[in-house]
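The values are calculated or read from the model by the stated rules, or taken from the named source; none is laboratory data. Model, not experiment: these values are computed from the prediction. We place every Cβ from the backbone using ideal geometry, glycine too, and count neighbours over all the protein chains shown.
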Amino acid sequence: MQVSFGIKLGFLLILVFTTLTGGMLFDSYRYASQVEMDDLIRSHGHVARTGSLILNEEAREVIELLRDQLYSRLPEASEKQLQEFISKSSQGATEPSLHRGVSDRLQAGLEYQTLVQLLRRVKAGSRGDVNSLQIIEQKDSAANCALPLDELLAVHASESAMRGVYLAVPIPGVDPAVAVMFLADSNYLSAAGGPAVNPIGNLYKPEAFFSAPFKSGKATMSDWYTEDSSPCISVMTAAVPIKNEQGRVIAVLGADYPVTAFKARLSELKASSWRMFSVSLAIAVIATLIISYWVAVPLGKLREGAEQLLRQDFSHRVNIKAANEFGVLAKTFNKVSAALGDFTQNLEKLVAERTDKLSAANELVVQLNSLLTQENAHLGAEVDHLIDLRKKQLPYLNEAIEFGDYSLNFHYLASRSVCGDFWETGRRDDDRFEFCIGQVSGYGLETAASALQLQAMVRSSGEVDLAEHLVDANRFMYQQNVRVTNPVFAKLMYVALLPSHIEFVGCGETPIVFNRQSIDELNLTEMSVPLGLEPHIEAVTSRFDFDNNSVCLLYSAGFRNAVLRLHGEQDVDMTATRFIQLSGLDKQSPASLLERLATDPTLADLQDDIAFILIEKKGQV
């Protein structure tokens, strides 16, 4: 089902508005609640740590004295009871460890009552009013959950900010993270006058936050939770370590704070955020309906006009009077419709005129194509003649010659673009055989002429040193380039075969030597720049000794391009080993490779000459 643009636009605007508004409100609510939580934790922690200072040096001595009395009253079977309590109880569980009579006697003692009064003073210190120092009676801390929230908060405001304050001590031989026991509690008495709700020696399986101060010696604060006795009240507990004069933790002071008022503020903040979001959503919907109407109605008229135009009804006009972009677009649309109507009325006349002009132009194209065909035939014959001439000037073309332990193979495929690859032989006697391989940049007659001239210079140089050959060739190319508009440059490498070694001088593609064991590029010393680029060059001769049954490959850039293109490879960091493997010269004959390069259809439009020479040094295997 196709949905109109107006509906899509309206849905998008509502989505954008609600996403932005909801995101901002959510972030504001999260930030405000986190700030209030941090302030609540910080303030409760300050109050708890300050309250712990009521337990002065004398009180801490009382703590240690009462703790020792408690340890001495533990029954003989307390260890077994403790293990069962640890293994079967969940976090936060409690269980008496003393018989009621024993705990009643300890709780009636002066030490216990002294600590209870101190704990009640810590609790009373959080009241809004301050009373004179006197015996403080226990008040029932249970809440009437039947009261409305406002009345419940009012009751809390009139009472102490703390619901309960108590002391816990470690159990001998037990990790405080596993279990501790209560030493004193400000609210230890039962409201009905029965047994103590939290008697001395009461076992407790603590949460991690409560056991941490025993080891770290630092105060901690819990998240809020709900008490079983008052499910409508949520509290947070601060745990503050109590240390003796030696700095050892002897007990942990726990203080429970109600956070019902804080939760009420968060609920109100959440409700306010939802109200703001609802108002924003309503505004977004109304604004979207208005904007969609402003856009959908003009678009509908424009669509109707386009449909009439498609039916070739050029008399239809779009009626939009608004002075905005839609009005401008409607005026433009009407002008286009009128122009198309005028154009179609004169179309037949225009077509006839264009047909006559095209017929005349077609006759002229036929004549030009005929002339071009004749010129191409003539030019093709000239190119064939020039290529044939260059082939005849190459000595030992596609032949093998012998010189001492060396066997040389010369191979060449000419390009129809008339390029400048060539080779030439020079001095040859019983101890030395010289030849060169070169390539001239560019295509066409100038390139072929430069290649033939360099080849002639090498042929007529006689017994001049190879380095001098290269200097003379560079001087010739440089003088030629000074006199022409489009200069050409050349790479030329001279090679001298001697019974004991081979000498190289010049520049070109780096020769590769390979045999059954290895494939390596020769590291030629200071190869010169291309010829004709600078007036003077320095030619340095490199000498290499080849092992028997090794082959040296000399080649042009065209040969390298052809091999890579034959296999669809890119010339990026191509190693000598990979290049020889692609050429197949380590496994097949040069003639086979040459035949494949000549007949493969992927090389039909190759514009470079293909020239390569193989020098094989024979010997005993």
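The requirement of being assigned by TED's automatic domain parsing to the domain that holds residue 447, out of contact with any Leu (no Cβ under 9 Å at 6 or more places or on another chain) and under 30 Å from residue 418 (Cβ atoms) is fulfilled nowhere in segment 503-515; no residue meets it. Checking each residue in segment 241-260 for being under 17 Å from residue 60 (Cα atoms), of a type in the set (Gly, Ala, Ser) and in contact (Cβ under 8 Å) with a residue 60 or more places away in the chain picks out 251, 254.
Test residue 410 against the criterion of being outside any helix (DSSP H, G or I), touching a residue at least 60 places away in the same chain (Cβ under 8 Å) and farther than 20 Å from residue 597 by Cα, and give yes or no. So residue 410 fails the test.
Here residue 82 meets the list (1) part of a helix (DSSP H, G or I); (2) over 35 Å from the mean Cα position of the chain (by Cα); (3) modelled with pLDDT under 70 almost entirely, failing just condition (3). The single residue among 321, 335, 331 that is free of Cβ contacts under 8 Å to residues at least 12 places away in the same chain, under 27 Å from residue 300 (Cβ atoms) and assigned to a loop (DSSP other than H, G, I, E, B) turns out to be 321. Only residues that are surrounded by 16 or more Cβ atoms within 10 Å (Cβ to Cβ) and part of a helix (DSSP H, G or I) were counted in segment 600-621, giving 1.
In the set (1) over 59 Å from the mean Cα position of the chain (by Cα); (2) assigned to a loop (DSSP other than H, G, I, E, B), the condition left unmet by residue 360 is number (2). Can you confirm whether residue 202 is surrounded by 23 or more Cβ atoms within 10 Å (Cβ to Cβ) and in contact with a Ser or Thr (Cβ under 8 Å, 6 or more places away or on another chain)? Considered against the rule, which asks whether it is surrounded by 23 or more Cβ atoms within 10 Å (Cβ to Cβ) and in contact with a Ser or Thr (Cβ under 8 Å, 6 or more places away or on another chain), residue 202 comes out as no. For segment 70-127, the tally of residues that are loosely packed, with under 12 Cβ neighbours inside 10 Å, within 22 Å of residue 255 (Cα to Cα) and of a type outside the set (Gly, Ala, Ser) stands at 1. Total residues in segment 53-102 satisfying the condition of being over 15 Å from residue 179 (Cα atoms) and either of a type in the set (Asp, Glu) or touching a Cys at 6+ places or on another chain (Cβ under 6 Å) (or both): the figure is 6.
Per the conditions (1) within 53 Å of the chain's Cα centre (by Cα); (2) crowded, with 20+ Cβ neighbours inside 10 Å, the sole criterion not satisfied by residue 443 is (2). Each residue in segment 488-507 was checked for being closer than 17 Å to residue 473 by Cα and touching a Gly at 6+ places or on another chain (Cβ under 7 Å), and 7 of them qualify. Within segment 460-471, the set of residues being part of a helix (DSSP H, G or I) and surrounded by 14 or more Cβ atoms within 10 Å (Cβ to Cβ) comprises 466, 467, 469, 470, 471. Residue pairs whose Cβ atoms lie under 6 Å apart, separated by 6 or more positions or on different chains, with the first residue in segment 568-594 and free of Cβ contacts under 8 Å to residues at least 40 places away in the same chain and the second loosely packed, with under 15 Cβ neighbours inside 10 Å and not aliphatic (A, V, I, L, M), are 582/567.
Within segment 601-621, the set of residues being under 20 Å from residue 421 (Cβ atoms) and modelled with pLDDT of 90 or more comprises 608, 609, 610, 611, 612, 613, 614, 615.
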